[in-house]
Amino acid sequence: MQIRRDYSQPFFSTRRRRRNTGRLLFFYGLFMGAFLVFVFTQFSRLQLMALDVVGMAPTPTPFASTWAQQGYDLYLQGKLVEAAQAFEKAVEQQPDNINYLYEYGRILIEMDRPSSSTRPISDADLASQIGDHAIEVAPNDVRSFALKAKALIWQGDSESAIPIALRGFELDPGYAPLLAVLARGYTNIGRYQQGLDYGQRAVEADPMNTDAHRSYALALILVGERDAAIRELEDAININPNLTGPYFELAIQYVASNLYEEAVATYERVLTLEPRNAKALLRLCETYSRIGQDEQAQGYCDDALTIDPDYSDAYRALGMVNYRRRNYEGAIENFQSCERTTPSSETTDIECFYLRGLAHYYLGECDEAWTVLTDALRRIEELPIKEPVLSSTQEGLRLVTVSCAAYSTQALPTAIPPTAIPPTPLGFGA
């Protein structure tokens, strides 16, 4: 059989070719549509991938949990400012998370920085606001009440703190940080036995809680058990040796016990942790001044002011060093700087006034002495505890009337009845 081929026709069927081409175009269009939809919905991710290939991708924002973990690690390292910043970012992402609110607030209280030109609100005030929010979003969590009560204590309002702490106590009577708050609150209002009881219970509830040991130590000091208090503070330091707060409290107790070498070593330990800690330098200045080593004291005060030129307490301490060395001109300048740099939200240290008045007296500047001492006397009227500065100021005014002819007939201001001085711990709440 012979097959005849008509070479004028295509080898393949035209009809089949058209059908295959149409199908191909259909699937191609479907693919391109799906691809465009994918690109549109995943544009941001694809853009980041492309930027990452060329090394221009932005750093991804960490999750709140990442910030919180970083903050806690920094806290254990004693880096409180950085820890607070990390928890602040965690709270910004999850503002109603009680875990982050509590940690952020308690770190603020530990730093306890006053308000300033760069911080319009003090750390304690901010922590108090966070405590209010914590109670609002987590009213059944004991930490909310522990935070708010502790912030109130650092604001100087222990009487208001105790009822709030007791509300938390009803939720969890074994929570060590809350027991520590109650210990400090009752101690601050003079109910020392309850302060001791809650402090001991706090330590027993959690022997590894630094606040428990520190609050118990405060109560022990006020009942005369300073050696036991020192042991509690040493325990607090051993629990977290990178936290500077207990070092300051312990060193003050060493000074009160005339253990000056131990105090100096403790402050120097703070400087190994934070070489630019102006407060530690100030405390070294005060310690060396206390034992009569004024030249070393002045060096440490100068170092503190180099770090913080607006440190009013350092100006006061330096003024007292110059006053004892009879450098009255230098003392007056230091005390004036103390008055100038005191934050507007705080009361200027009265020593900066009455000692400046006495320095003017010893320089024979009678008018300045009378004016400043009279101003100091007016300010003393507003103080809850008036002695011993009241007697010193009155004596300064008397000396002016005796030694300055222009004031020999000047009547002395009416004496202010002295106020009983309660036993005050050294180094706590400052």
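Points to keep in mind about this one:
- Pairwise FRET efficiency - GLU234 versus ARG191, Cβ, R0 = 35 Å, nearest 0.05: 0.85
- Cα→Cβ-extended label distance, 7 Å offset, between SER116 and GLN410, nm: 3.8 nm
- P(r) tail fraction, region 199-272 - alpha-carbon pairs more than 18 Å apart, %: 34 percent
- The mean sequence separation of alpha-carbon pairs under 8 Å and at least six residues apart, normalised by the residue count of region 112-151, gives a relative contact order of 34 percent.
- Residue pairs, from the table LYS79/LYS150; LYS79/LYS279; LYS148/LYS386; LYS89/LYS150, whose Cα atoms sit over 24 Å apart: LYS148/LYS386
- Cα Rg over Rh - region 167-324, Kirkwood: 1.05
- Relative contact order computed over region 216-314 (Cα-Cα under 8 Å; 6+ residues apart), in percent: 16 percent
- Listed residue (SER337, CYS404, GLY319) projecting farthest to the positive dipole end of region 300-418, Cβ model: CYS404
- Using the Cβ-Cβ distance between SER257 and GLU92 with R0 set to 35 Å, the FRET efficiency works out to roughly 0.15.
- Taking 0.36 nm per residue of separation and subtracting the Cα-Cα distance, full extension of the segment from LEU166 to ARG276 would add 35.7 nm.
Coordinate-derived values only; no laboratory data. The structure displayed is predicted, hence computed values, not measured ones. Note: ideal-geometry Cβ built from the backbone for every residue, glycine included; neighbour counts use all protein chains shown.
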